[in-house]
Amino acid sequence: MASPGRRMLGDLIRPHAPSLVLLLVGSFVGSLVEAFFLVGMTGIAMGIATGTDTVSLGATTDGVLPPLSINAWLVLGVALLGVRLLLATGNAWLEARTTAAILTRQRRRVTWGYLDADWATQQQEASGKLQGVIGFASSTNAVVNNVLGIATAGLSLTAFIAASLLIDVASTGVVALGLVLLGSAMIPLRRWIRRRAQIRAKSALAFTESIGELGSMGLEMHSFGVRGRFKQAVDRLSTRDARHGRAVDTLSLVVSPIYVSMAYGAALAGVALAQGVSNLDATVLGAVMLLMLRSLSYGQQVQTQSVSLASNWPRLEQVDTNVRRYEANRASGGEAVPPTEMPLALEHVSYAYTPDRTALKDVSLEVRRGDSIGIVGPSGSGKSTLIQLILGLRNPTAGVVAVAGVDLREVDRSWWTSHMALVPQDPVLFTGTVVENIRFFRDGISDEDVERSARQANVLDEILALPQGFNTHLGQGGSQLSGGQRQRLSIARALAGSPRILVMDEPTSALDGRSEALVKEALAALTGEVTIIMIAHRVSTLDQCTRILVVEDGRITTDAPAAEALASSAYYRRMRGLGGDLAASPSLQGEATHG
Ligand code: ADP
């Protein structure tokens, strides 16, 4: 069976087969042309040296080519040069075009693979990993170039040996044999380089991952004064990566001189043997020498390209491994379209991140239209996991999440995402205008929707006060807005698609008093209209909720109207500052400071 890397390379190259065949044919013909040019050159030189007008080359009496005058050779030489130049230019164009197309496809494969992967896979990915894999995807071109280099140099070598055989069999045979032996002698070295390169590929990926993580920790790094430690850590990783790189590079660089020295030795032996075995004339010997030396340089190209391939190959394998992991974890979703978005039910749902880590245990719940649910519970009790299951970002390990009786796994994702919206705890704004951030790539959202949702989220006045209103550029991460404005913009983003269900992770956590009041006002206006499910850390947020879910240790311990929850949950009582039995809820102690 083909190795994973080979299969990936095969898939990438196959669509370009016609171009590549053309390229190889061009290269073979180009080398034949070059070989005959060199033969002609020798003929001319010998003709001039011996004072003869006509030149004939080859072991037969008539020569490979009919005897030609020096002038005819000169004209032919110019023509051959022209043809070779034309072929080389065509080949260069074809190669560049093909490799550019292959690179584009490979990058698409990585990025689309990642984008199509489910949330659980994406979330697990270390920051910087994707960049690392994309960087490696660019090395695919190096691999393709190496493979083409080996093929074209190999074909050129064949063309030269063929031309040389026509002129003299014995000496060509010796040199060809020498080349084969040399090629075999290099195999263990190439294997060694490949093994080192595999280690290097891993260390390079680890390095990019760490740098990616660094990029997202600027604030903590400064505030904890640990820049020095970060520098040391980066240095350590970088030195390790460089050490692996050094070994691969040294070996790769040394291959060429080793090969050349050995190859010249083989050429020398060939010539000596030719002198002993056949009775060659000076012209034929000169032509064979020239062809052989040029063959050796093509042989050298085959070697250097093979070594370079050995060192680039592990990157291709890394890309392949990661892409296949993404592809094995595609976001699921069916084609079913339920009649309505309600009721939304969880039936005996459990979810385990790992076999020994069950975050939700046998949870059952029915969300009804117009509910305004506040989910409370200690940190780590499973609240986020619960909303991720409702959003369909994760599939239950056991049990079913059903929308109007249809298993959410069977439901068409775009239908579901058009009915619900999420306001995350730390909304991310991207570099773009206000309107682009609210619309968030959803083409069906009109300017009126954007304005309406901004009004609903109580952020319209502040947007209109910006220098260019909705068309104001926000800069990276929306840095020119306050936390409260960012949060309300994110609520506007969620409301722009007129969702039937709004899922929020503590919508007021990052807010100043004024923003909090504005968000609460916005939510109050939505209550009853839109079904709201929100994780609440703040007591004030809970005022909005008509129904309370208390999640403790992966289970729903209370599901009751807000007023009744006080009576049935010690945790909730405690949260509302009304006292409660701490012993009944030990994890609460850690949570008491949370909101
Ligand atoms: P909450 O939102 O209530 O703080 P979570 O739903 O985030 O709780 O987490 C519930 C449990 O699942 C915790 O024990 C947490 O450590 C674990 N958990 C959460 N996310 C992951 C993850 N990506 N991988 C492994 N375990 C996780």
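Please treat every number below as a calculation from the coordinates, not as lab data. Since the model is a prediction, treat every value here as computed from it, not as a measurement. So basically every Cβ, Gly included, is an ideal-geometry build from the backbone, and we count neighbours across all protein chains shown.
Remarks
- Estimated FRET transfer efficiency (L24, V234; beta-carbon r; R0 60 Å; 0.05): 0.85
- Rounded FRET efficiency, nearest 0.05, which uses the C-beta distance separating T250 from V78 and R0 of 30 Å: 0.10
- Placed amide H near L422: partners under 5 Å, 5+ positions off or other chain: V503
- Nitroxide proxy distance, nm - points 7 Å out along Cα→Cβ at Q123 and S223: 2.4
- Among beta bridges from DSSP that stay inside the chain, the antiparallel ones total about 55%.
- The ranking of E327, E335 from fewest to most other beta carbons within 10 Å of each one's beta carbon is E335, E327.
- Backbone geometry of the stretch 455-461 corresponds, through the Karplus equation with coefficients 6.51, -1.76 and 1.60 at θ = phi - 60°, to 3J(HN,Hα) couplings of 5, 4, 8, 6, 10, 4, 4 Hz, x marking Gly and Pro.
- Less than 5 angstrom separates the built amide H of A359 from those of Y351, A352, Y353, all sequence-distant by 5 or more or on a different chain.
- Here the simple spin-label model places points 7 Å from the Cα toward Cβ, and for R325 and D407 these points are separated by 2.8 nm.
- Modelled this way, with points 7 Å down the Cα-to-C-beta line, the labels at T397 and D362 are 1.5 nm from one another.
- Residues F160, F36 in ascending order of nearby Cβ atoms (within 10 Å, fewest first): F36, F160.
- Considering only Cα atoms, the convex hull volume of the stretch 288-417 works out to 175 Å³ per residue.
- Percentage of interatomic Cα-Cα distances in the stretch 76-165 larger than 16 Å: 69
- Taking the three principal axes of the alpha carbon atoms in the stretch 138-265, the coordinate ranges are 78, 25, 17 Å, sorted in descending order.
- When L474, L181 are sorted by how many other C-beta atoms sit within 10 angstrom of their C-beta, beginning with the fewest, the order is L181, L474.
- The HN-Hα couplings worked out from phi for the stretch 225-240 by the Karplus form 6.51 cos²θ - 1.76 cosθ + 1.60 (θ = phi - 60°) are x, 10, 4, x, 5, 5, 4, 4, 5, 4, 4, 4, 5, 5, 5, 4 Hz, whole numbers, x standing for Gly and Pro.
- Scaled against the 2.2 N^0.38 Å expected of a compact globular protein of N residues, the Cα radius of gyration of the chain reads 1.44.
- Computed per residue of the chain from DSSP H runs no shorter than four, each worth -39500 (n - 2.57), the mean residue ellipticity at 222 nm is -21000 deg cm²/dmol.
- Calculated on the Cα set of the stretch 317-368, radius of gyration then Dmax: 16.7, 49 Å.
- Karplus-derived 3J(HN,Hα), 6.51/-1.76/1.60, for each residue of the stretch 119-126, Hz, glycine and proline x: 4, 4, 5, 4, 5, 6, 5, 5
- Subtracting the Cα-Cα distance of Q131 and R107 from 0.36 nm times their residue separation leaves 7.6 nm of extension gain.
- Counting lysine pairs in the chain that sit 8 or more residues apart in sequence, or on different chains, and whose Cα atoms lie under 28 Å apart gives 6.
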